[in-house]
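Asker: Starting off with a structure, shown below.
Bear in mind that the values in this text are calculations on the coordinates, not laboratory data. On a predicted model such as this, the values are computed, not experimentally measured, just so you know. FYI the Cβ positions are ideal-geometry reconstructions off the backbone, even for glycines, and counts take in every protein chain you see.
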Amino acid sequence: MSTQHRCWVYGDDVNTDVIFPGRHTYTLRTPEEIAAHALEDLDPAFAAGVQPGDVIVAGRNWGCGSSREQAVTALKYAGVSVIVAGSFARIYFRNCINQGVLPVVCPPLHDAVRTGDVITFDHAAGRIIAGGQAFPIPALSPSVQAILDAGGLIPMLQRRFKGEAAS
């Protein structure tokens, strides 16, 4: 199944403190509060303009810096379910999967789109279509796909343990 998504495009080396400012780490509690501060230091228009289903398209090393989970949850709470980047910081990549946000490595996409462009994401076919071009994307392992299908690691484990308790 293919889906269409509006893009928000950012550059290389966007760190977790820019994605979700550290000054808010222990002061905000609700998803709405956290989402309202997503990318505020990089793109003040993002939190007010992002819509459910929008996609982040980034350059290299997206999510470098601290291991702050709010750098993923802020985007998730804002409605972002996919982040496509040239590369990801290792911990950020894993935090995406754990939070149910699909991280996709596709280096050439960054130079093919601009903020506001619409891309077609066809995970089953292993490609993203942008501007009439097809960009191949890597397949997910079955274990990663199971986590994403469940909405994240915790929801997957909760369902699994709930099922075992009922047995």
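Asker: If Lys and Arg each add +1 and Asp and Glu each add -1, what is the summed charge of the other residues whose beta carbon sits under 15 Å from the beta carbon of H24?
Answerer: -3
Asker: Any idea what the dipole of the stretch 3-140 comes to, in debye rounded to 20, about its Cα centre with Lys/Arg Cβ at +1 and Asp/Glu Cβ at -1?
Answerer: Charge dipole of the stretch 3-140: 320 debye, to the nearest 20.
Asker: Taking only the C-alpha atoms, wrap a convex hull around the chain and report its volume per residue in Å³ as a whole number.
Answerer: For the chain, the hull spanned by Cα atoms encloses 118 Å³ per residue.
Asker: Amide H of F88 versus every other amide H placed in the peptide plane: which residues, excluding those fewer than 5 positions away on the same chain, fall under 5 Å?
Answerer: Those qualifying (amide H under 5 Å, at least 5 residues apart or on another chain) are N61, W62.
Asker: Considering only DSSP beta bridges with both partners in the chain, what is the antiparallel share in %, to the nearest 5?
Answerer: So the antiparallel bridges in the chain amount to around 45 percent.
Asker: Along the Cα-to-C-beta direction of S67, a point sits 7 Å from the Cα; which residues of the stretch 97-134 have their amide N less than 15 Å from that point?
Answerer: 97-99
Asker: Among the complete DSSP H segments of the chain, which ones combine at least 18 Å of alpha-carbon extent along their axis with a mean Kyte-Doolittle hydropathy of -0.5 or more?
Answerer: 153-166
Asker: Given an 8 Å cut-off on Cα distances and at least 6 residues of separation, report the relative contact order of the chain as a percent.
Answerer: 24
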